[in-house]
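Everything on this sheet refers to the single structure shown next.
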Amino acid sequence: MPVLWIVLGVVVLLAIAVATSYNRFVSQKNLIRDSWANIDTELKRRYDLIPNLIETVKGYASHEREIFEEVARTRSMAAGATGSPAAQAAAEGPFMAALGKLFAVAENYPDLKANQNFLALQGELTNTEDRLQTARRFYNANVRDFNRRIQSFPSTFIARMFNFKEAEFFEIDDATRQAGPPQVSFATPAPSASFEAPAGGAAPAAPPAASPPPAAPPSDPSPPAPS
């Protein structure tokens, strides 16, 4: 009889451990889903800003047709990539590259950079990028914790038992991520380096050129007259 109670106690403890581990997996999976929803919200907010941005730039650089078409095409592809985080990240790379080209065009038009509508759109895009990066870090941290549990003992047995799979990270390629949010530089170019004038305001006079050495007197090749 005591042995039976011991066995029952062990079974109950195992059942509690399995249930606890399972519930934790479910909570982590839901947290990943919710954090991905935050990323999706920021992505959609950015996609909604792009058409107005294109129309604003068109008013000053209507001949940049290829760049406008590239931004519109890559935006459509990124907005339609509703699959896995890896697929979304793959579609974000070309879109961000095209968006960078659009902002590079804006650098050539001072009037455009001073346009209030353009400034508002650029500021909203920058704020959206900041929120997106925060959401991305939060999502990837949850994915990392979830995947670590799946790979760790003894929770790996619970993961296999209930078919919990490792989640995908949301990572843009290194070049795009290092570029950061699209920014427009409003700095004026520095003047070229030159010599510094003295306190009086006049430029220092150039040193006089060295005078050539005096020419040697010509030698008389004729012999001296006889005395």
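The values are calculated or read from the model by the stated rules, or taken from the named source; none is laboratory data. What you see is a predicted model, and the numbers here were worked out from it, not measured in a lab. Cβ coordinates were reconstructed from backbone atoms using ideal geometry, including for glycine residues, and neighbour counts include every protein chain displayed.
Residues being free of Cβ contacts under 8 Å to residues at least 24 places away in the same chain and either touching a Gly at 6+ places or on another chain (Cβ under 9 Å) or not hydrophobic (A, V, I, L, M, F, W, C) (or both): count how many of those fall in the stretch 81-117.
6
Of everything in the stretch 37-78 that's modelled with pLDDT under 90 and part of a helix (DSSP H, G or I), which residue is surrounded by the most Cβ atoms within 10 Å (Cβ to Cβ)?
Ranking the qualifying residues of the stretch 37-78, first place goes to LYS58.
Tell me whether the stretch 134-153 contains one or more residues that are at pLDDT below 90, touching a Pro at 6+ places or on another chain (Cβ under 9 Å) and not small (Gly, Ala, Ser).
no
Which one of these does GLY83 not meet: (1) under 14 Å from ARG46 (Cβ atoms); (2) outside any helix (DSSP H, G or I)?
That leaves (1) as the condition not met.
Among what's in the stretch 159-171 and is under 19 Å from ILE16 (Cα atoms) and surrounded by 18 or more Cβ atoms within 10 Å (Cβ to Cβ), pick the residue that is farthest from the chain's Cα centre (by Cα).
ALA159
Do we find that ALA106 is over 30 Å from ILE158 (Cα atoms) and in contact with a Leu (Cβ under 8 Å, 6 or more places away or on another chain) in this structure?
yes
Name the residue that is farthest from SER27 (Cα to Cα), counting only residues in the stretch 100-158 that are among the aliphatic types (A, V, I, L, M) and loosely packed, with under 15 Cβ neighbours inside 10 Å.
By that ranking, first place goes to ALA114.
For the stretch 1-47, give me the residue count where each residue is farther than 30 Å from SER155 by Cβ and more than 19 Å from the chain's Cα centre (by Cα).
Of the residues in that region, 2 qualify.
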